[in-house]
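The structure under discussion appears below in the form of structure tokens.
The values are calculated or read from the model by the stated rules, or taken from the named source; none is laboratory data. What you see is a predicted model; the values in this text were computed from it and never measured. Don't worry about glycine lacking a Cβ; one is built from the backbone with ideal geometry, like all the others, and counts go over all protein chains shown. We work out accessible area using only protein heavy atoms, side chains counted, and drop any ligands, DNA or RNA first. Shrake-Rupley method; radii C 1.70, N 1.55, O 1.52, S 1.80 Å.
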Amino acid sequence: MKFFVLLSALGLCWAQYSPNTQQGRTSMVHLFEWRWVDIAQECERYLAPNGFGGVQISPPNENIVVNNPSRPWWERYQPISYKICTRSGNEDEFRDMVTRCNNVGVRIYVDAVINHMCNEGGGAGTSSTCGSYFNAGNREFPAVPYSGWDFNDGKCKTSSGGIENYNDAYQVIDLGGEAIKSSEYFGNGRVTEFKYGAKLGTVIRRWNGEKMAYLKNWGEGWGFMPSDRALVFVDNHDNQRGHGAGGSSILTFWDARLYKMAVGFMLAHPYGFTRVMSSYHWPRYFVNGKDVNDWVGPPNNNGVTKEVTINPDTTCGNDWVCEHRWRQIRNMVIFRNVVDGQPFQNWWDNGSNQVAFGRGNKGFIVFNNDDWSLSTTLQTGLPGGTYCDVISGDKINGNCTGIKVYVSSDGKAQFSISNSAEDPFIAIHADSKL
């Protein structure tokens, strides 16, 4: 059952709290490692016109500069202060991004690393994105300020005092010397990262949550969260990545097919608040025969993150992948907005990897992930008429650039999908009716 295994492995949708998006916008995109200036432009030129509700950004706080390996994506999760100063941009650029995106109805979700600082092996000095001094071994982060008093030294019961086995939940929860104490001292307002929302406008945020699930006093922290300026949406750090550890290798034809189908299923299904990934090409790196692609940071010139350029065909250049701009994914974001609030119904499957389902009388989607063709008549629940398949094309000026689907007056339609099709799925919705 490869189709269902694939879908169960997605991990891209979740439903803890209200996402606080503008009415009618039901999805967000993670613009992983994008610069603030590029995000501001993308909100205006593409995300808002295509119905995206929000953008998750990489952590904006100052972090250690990691040179071995060279500037990996995970250095963003090694904070040394709460200054808004990273390779994505400075505070002025951050403010401008928040304002411009909010002005067009696209919310900003800050990936907030608030429960730990950089690893104790991070060294000492001013090798940080804003030049602030730190001494990781001594737990000194004067730019916050934090000292060794603020950390959970000795709590992790291992010989080294740090995490030695990431499969041991107790070690991960206790965190060795990386986690800040859950204490009144921690909860009295010194963690200035909580002030992002009030300081920089309406910012919807999630936190690096997998390492603080058991901090018993965490509820106290919300007491100083400014309720009138900052909206809160909670997520877990390990949910944030799409089909890679922060970027994307150059997808093969078959990889891309499966990825687009999986995201299409997620966006069509009513569960949760959905997020799609926008990533970058990974060069292939091997160390002692081991693939170490998860080290690779964003496209750059000598450490300076490259601009996200837009090609004439609306795809991205400069080594950025931009999956959210793929027609199939962009149109499924729109599909989800159209069917919002409609019931899940008219499920069909062939007992294998051909499935279909509808969303009330607003949308219907069919997948063929088998090694043979699909050809069948299905009840769509849609009013009779001719619809444009938004996977193979677009509805433009009343015409369809892709496959046309004819729905009879009783709501039934004939679907034919080759197993060798570039995109072996079809989606129609109320707004794609011709």
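Quick check: residue separation of Asn135 and Ser375 times 0.36 nm, minus the Cα distance between them. What number comes out in nm?
That works out to 79.9 nm of additional length.
Defining a contact as two alpha carbons under 8 Å apart and six or more residues distant in sequence, what relative contact order in percent does the stretch 14-66 show? Could the numbers behind the result be given before it?
Details: 37 pairs, mean separation 25.2, N = 53.
Dividing the mean separation by the residue count of the stretch 14-66 yields 47 percent.
Which peptide among 21-32, 402-413 comes first, and what is the full order, when sorted by highest mean count of other Cβ atoms within 10 Å?
Ranked from most to least packed, the peptides come out as 21-32, 402-413.
How many nm separate the modelled label positions at Asp394 and Ser420, each set 7 Å beyond the Cα in the direction of the Cβ?
The two pseudo-label positions are separated by 2.9 nm.
Quote the FRET efficiency, to the nearest 0.05, computed for Trp347 versus Asn318 with a Förster distance R0 of 41 Å and r equal to the Cβ-Cβ distance.
About 0.45, to the nearest 0.05.
Roll a 1.4 Å probe over the protein chains and send me the accessible area per residue for the stretch 52-140 in Å².
For the stretch 52-140, the solvent-accessible area averages 31 Å² per residue.
Once the other residues with Cβ under 14 Å from the Cβ of Thr126 are scored (Lys, Arg +1; Asp, Glu -1), what is the net sum?
After counting each charged neighbour, the total is -1.
Over the stretch 276-434, average the accessible area per residue using a 1.4 Å probe and give it in Å², no decimals.
Result: 44 Å² per residue.
Quote to one decimal, in nm, the extra length available between Trp74 and Gln22 on full extension: 0.36 nm per residue of separation minus the C-alpha distance between them.
On the way: separation 52, 0.36 × 52 = 18.72 nm, distance 3.08 nm.
The Trp74-Gln22 span can extend by a further 15.6 nm.
Once R0 is set to 51 Å, what does the formula 1/(1 + (r/R0)^6) return for the Cβ-Cβ distance between Thr386 and Thr158, expressed as a FRET efficiency to the nearest 0.05?
The value I calculate is 0.20.
Summarise the accessible area of the stretch 99-160 (1.4 Å probe, protein heavy atoms) by the percent that is carbon and sulfur.
On the way: 1200 of 2530 Å².
C and S fraction of accessible area: 47 percent.
If N is the number of residues in the stretch 310-434, what value comes out of its Cα radius of gyration divided by 2.2 N^0.38 Å?
Details: Rg = 14.9 Å, N = 125, 2.2 N^0.38 = 13.8 Å.
Cα Rg divided by the expected 2.2 N^0.38 Å: 1.08.
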